[in-house]
């Protein structure tokens, strides 16, 4: 692509300030030596990272994975993110359950998709993550899973419909 030509076209439509605020222009590709130096410096920095910093950065990454799942309405189960959280925090399931003051069987049921997450657990996960992952993210993630279940679970819908008496009926016009 001829970037100079593209820039001239943009200048005809926008002010320079608008162009600067709205577009990112590519830089030059790094040479193999520059790339190798970048990788060396990055690995050096990673080696200096404390275990606590490593957990913090991985929790930030998890936070943005959750946010993306919520915003893009992905069908990734809640349990996937709890499993990642357990891995990041280097906890065993029973230890995380103890930290959150819930029964280990409750955590197991959540991980196996047999139990939904309530507000209280969302608040506890927020606190446990050092407030790096807000309660509202955990809550929306759990609600996204419930929403998907409501949209697709025909068996539960039919079972619950049988429990209703004197339902309002609308005849076709």
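Results, tabulated for the structure shown:
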| quantity | calculated |
| --- | --- |
| Selected residue (criterion: nearest to the chain's Cα centre (by Cα)) from residues of segment 112-122 that are in contact (Cβ under 8 Å) with a residue 12 or more places away in the chain and surrounded by 14 or more Cβ atoms within 10 Å (Cβ to Cβ) | 122 |
| Qualifying position, being in a helix (DSSP H, G or I) and surrounded by fewer than 10 Cβ atoms within 10 Å (Cβ to Cβ), among 45, 109, 40 | 45 |
| Residues that are part of a loop (DSSP other than H, G, I, E, B) and within 25 Å of residue 59 (Cβ to Cβ), drawn from segment 125-172 | 129, 130, 131, 132, 133, 134 |
| Filter result (closer than 17 Å to residue 132 by Cα and either more than 10 Å from the chain's Cα centre (by Cα) or free of Cβ contacts under 8 Å to residues at least 60 places away in the same chain (or both)) within segment 61-82 | 61, 64, 65, 68, 82 |
| Long-range neighbours under 6 Å by Cβ, at least six apart or interchain, first residue more than 14 Å from residue 28 (Cα to Cα) within segment 1-14, second modelled with pLDDT under 85 | 10/19 |
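The values are calculated or read from the model by the stated rules, or taken from the named source; none is laboratory data. Bear in mind that the values here come from a model prediction, so they are computed numbers and not experimental data. Ideal geometry is used to build each Cβ from the backbone, glycine not excepted, and the neighbour counts take in all protein chains shown.
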